[in-house]
1. Which ranges mark the strands (runs of 3 or more DSSP E) fully within the range 146-225 that have 3 or more residues being assigned by TED's automatic domain parsing to the domain that holds TYR135 and not aliphatic (A, V, I, L, M)?
2. Restricting attention to the range 55-69, does a residue exist that is at pLDDT 90 or above, over 21 Å from the mean Cα position of the chain (by Cα) and part of a strand (DSSP E or B)?
3. Any residue at all in the range 86-93 that is within 31 Å of the chain's Cα centre (by Cα) and surrounded by fewer than 24 Cβ atoms within 10 Å (Cβ to Cβ)?
4. Being on the phi > 0 side of the Ramachandran plot, within 19 Å of the chain's Cα centre (by Cα) and either within 16 Å of the ligand (Cβ to nearest atom) or surrounded by 24 or more Cβ atoms within 10 Å (Cβ to Cβ) (or both), is that true of even one residue in the range 572-583?
5. List the residue pairs whose Cβ atoms are under 8 Å apart, where the first residue sits in the range 492-503 and is of a type in the set (D, E, K, R), the second is in a helix (DSSP H, G or I) and surrounded by fewer than 20 Cβ atoms within 10 Å (Cβ to Cβ), and the two are 6 or more positions apart or on different chains.
6. I'd like to verify a number: residues in the range 216-225 that are more than 12 Å from LEU180 (Cβ to Cβ) and in contact with a strand residue (DSSP E or B) (Cβ under 9 Å, 6 or more places away or on another chain), how many?
7. Can you work out which of the residues in the range 473-488 that are touching a strand residue (DSSP E or B) at 6+ places or on another chain (Cβ under 6 Å) and assigned to a helix (DSSP H, G or I) is surrounded by the fewest Cβ atoms within 10 Å (Cβ to Cβ)?
8. Give the number of residues within the range 288-331 that are of a type in the set (Val, Ile, Thr) and in a strand (DSSP E or B).
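The values are calculated or read from the model by the stated rules, or taken from the named source; none is laboratory data. Owing to the predicted nature of the structure, the values given are computational and were not obtained by experimental measurement. Glycine gets a Cβ as well: all are built from the backbone with ideal geometry, and neighbour counts include every protein chain shown.
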Amino acid sequence: MCGIVGYLGDHKASDIILSGLEKLEYRGYDSCGIFFHDLDHDQYITYKDKGRVKHLMDDFDYQFTNHLAIGHTRWATHGRPNLENSHPHFSLSKRLGIVHNGVIENYQELTAKYLSDITFSSETDTEVIVNLIEYFLDELPIEESIRKTLSLLEGSYALLIIDTHDPSIIYAAKSKSPLLIGLHPEGITLASDVMALIGHATHYYPMEDKTFAVVSQNNDVYEYQIYDIIGTKLSPELLEMDLVLDEIGKAGYSHYMLKEICEQPSVVRKIMSKYLDSETCRIPEDVISFFMDATRIYIIAAGTSMHAGFVGKYYFEHISHIPTEVFIASEFAYNQPLISSERPLFVFISQSGETADLRACLTKIKERKFPTITITNVATSTLAREADRFIEIHAGPEIAVASTKAYVGQVTILAIIAYQLAPHKPFSLARELSRLAVAMDAIIDKRDYIGRIVSDKLTHRNCFYIGRGLDYFTCLEAALKLKEISYIQAEGFAAGELKHGTIALIEEGTPVIALISQKRINHNTRANIREVLSRGAEVIVISLTDVSESADQVILMDVHEMLSPLLMVIPTQLIAFYSALHLNRDIDKPRNLAKSVTVE
Ligand code: M6R
């Protein structure tokens with residue numbers, strides 16, 4: 001987690017850092033800080049504090065001319081979120097300043113071996129890195145000291161370092177945590193995410209693991225050199241910037257989450273235009289052939305992406321007839337199941353493509369030489385680059401911490417792949433996806449109605465979602481969304497399982513939201529609804545027209561049963577949104593969370 005930005009160029013560096021940090025705040029928002037060179041007085045200034053980037057912007061003075069700066073927004077791993085632990089951190093002599101995203105696993109060993117005399121001013125592992133560099137400066141020049149330090153670090157890092165002896169250079173290094181170098185004739189920007197480069201780069205380069213970069217100013221020219229860990233120069237392949245500022249704004253919506261919920265019909269249409277040509281799948285053949293060769297699919301994911309994986313399993317088994325298993329990434333990494341299939345395929349599903357738990361699994365799977373595919377929203381991400389193949393979701397940047405449109409994108413892509421692999425096409429996917437997008441538009445247009453239901457009925461501290469079959473998977477996702485942003489304790493249950501224990505929690509007024517889209521099991525779920533009603537539950541039923549009853553609170557247009565998770569999830573996202581709004585929560589940046597979970 002954490003976001004870092006650096007700038008060296010003709011423009012005011014502090015402005016670029018602060019607006020970059022605002023865009024990276026989704027990566028962590030416990031504290032933030034900036035370190036810059038004040039050219040007017042040839043001195044270095046640090047501002048940092050716990051809290052949000054807004055505080056850093058509003059409550060400090062940036063009137064000085066400055067062209068060199070680094071900044072950080074933090075999701076706390078080592079040490080509490082307070083002023084002392086905020087980045088940047090400094091070496092003992094204050095010669096070196098550093099910002100860091102990642103976790104150094106052997107920082108205690110390194111401290112014991114090299115830095116036992118030092119009294120640190122924070123609890124962070126980052127202070128160890130910067131002091132180690134300074135330790136080696138006794139014998140080595142700066143670049144070699146940095147490289148020597150990097151060779152000793154175990155864990156993950158994206159680092160930006162300023163040496164106060166030279167205000168025309170930023171040093172950067174990366175291993176496992178993302179770091180991009182954005183290029184423009186008027187300056188060079190470095191950042192954890194391409195979003196912070198928008199407007200400041202025409203091209204960019206995602207740094208590779210275990211590489212080191214020197215960004216410098218030579219007269220009026222800004223240059224960069226990339227090296228591997230032993231100092232060999234590398235020639236990076238540049239990518240063109242194709243994101244524009246509009247794509248990362250709120251476009252008039254009060255919250256990113258609401259904007260992203262409302263974008264979902266267009267996400268479905270966009271994915272269709274990318275990957276479906278009438279009834280023909282346009283996912284590249286070399287990717288589809290991985291699926292065709294597989295005798296068993298293993299899906300590995302976390303959180304919302306794992307819930308998409310459950311729907312994917314259903315699709316692969318019911319439409320394509322390929323046995324499929326879904327694993328929680330953090331469990332799979334250290335408790336691998338027996339892989340008995342002759343030709344397994346490992347599919348990693350991740351919005352960000354940076355989730356550390358998945359990266360740990362990918363490394364282990366690659367060691368065993370099994371084929372791997374990543375389905376991700378971020379084409380430049382680590383998981384996209386490190387798997388054998390990747391499929392881009394094309395949902396557009398998702399900025400709210402709570403994932404919505406990426407989930408819809410993931411499930412849509414899984415449906416397209418499963419359909420392509422189907423021995424017999426059970427329905428017209430193109431036609432059904434088009435109908436789905438219309439049905440999505442219809443419920444989104446009626447979102448105020450969901451807002452009213454929520455303020456009447458969701459007043460309890462807990463809530464249960466119940467459903468069967470595909471609806472059960474939507475219940476899991478619905479409950480995660482509700483607890484994540486409203487802090488209401490919510491659980492998703494297979495409706496029939498409730499009576500095996502959890503029904504003990506149902507009392508007068510307990511909200512139970514039932515999802516019904518599957519005709520075959522409609523009457524079973526209805527029976528479960530009666531069971532909770534007779535124990536005093538306050539029930540909200542969300543159903544498709546075909547299986548609805550007149551008393552149901554939310555009735556959605558009919559879509560093909562197989563695609564129902566894509567529609568049923570929308571009212572549940574709106575329920576989460578309006579509950580959080582009602583409770584005055586910080587919807588786009590809920591407490592304790594970060595958008596991309598880059599620590600295990
Ligand atoms: O970027 P990823 O899809 O790999 O992230 C996985 C989870 O951290 C993520 O889905 C998380 O559960 C969301 N915040 C849920 O809204």
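1. Details: elements: 157-163, 169-175, 180-184, 187-191, 203-206, 211-218.
Counting at least 3 such residues, we get 169-175, 203-206, 211-218.
2. yes
3. Taking every residue of the range 86-93 in turn, at least one turns out to be within 31 Å of the chain's Cα centre (by Cα) and surrounded by fewer than 24 Cβ atoms within 10 Å (Cβ to Cβ).
4. Checked against the condition, which is being on the phi > 0 side of the Ramachandran plot, within 19 Å of the chain's Cα centre (by Cα) and either within 16 Å of the ligand (Cβ to nearest atom) or surrounded by 24 or more Cβ atoms within 10 Å (Cβ to Cβ) (or both), the range 572-583 yields no hits at all.
5. Filtered contacts from the range 492-503: LYS499/GLU531.
6. If we filter the range 216-225 for residues that are more than 12 Å from LEU180 (Cβ to Cβ), which is where we start, we get 216-223, 225.
Remaining after also requiring in contact with a strand residue (DSSP E or B) (Cβ under 9 Å, 6 or more places away or on another chain): 216-217, 222-223, 225.
Qualifying residue count for the region: 5.
7. LYS483
8. The number of residues fulfilling the criteria is 6.
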